[in-house]
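The values are calculated or read from the model by the stated rules, or taken from the named source; none is laboratory data. Given the structure is predicted, the values throughout are model-derived calculations rather than measurements. Here the Cβ positions follow ideal geometry from the backbone for every residue, glycine too, while neighbour counts run over all protein chains shown.
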Amino acid sequence: AAAAALGLLPLGKTQSPESLLDIAARKVAEKWPFQRVEERFERIPEPVQRRIVYWSFPRSEREICMYSSFNTSAEDPAAAPGGA
């Protein structure tokens, strides 16, 4: 209510704190690839796996474009110099 009164939040909107699960999953996803997490730990509860996978994907449009534009010449002969 105080944040809305200060104009920080639109009226009628409230923010809830991030869950401990989301915070932990985000930190894990920032540090390690999911494959490494799977290899390291025998049992990971399903909800934890889902949140780590969720946070493993890029958030911004720029990052999504950057990662989706990777192309290796070994997979696409036409992309190689002097290719078809």
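Of the residues examined, Ala80 is one that is surrounded by 10 or more Cβ atoms within 10 Å (Cβ to Cβ) and modelled with pLDDT under 80. For segment 22-39, residues that are closer than 13 Å to Val53 by Cβ, in contact (Cβ under 8 Å) with a residue 12 or more places away in the chain and in a helix (DSSP H, G or I) total 7.
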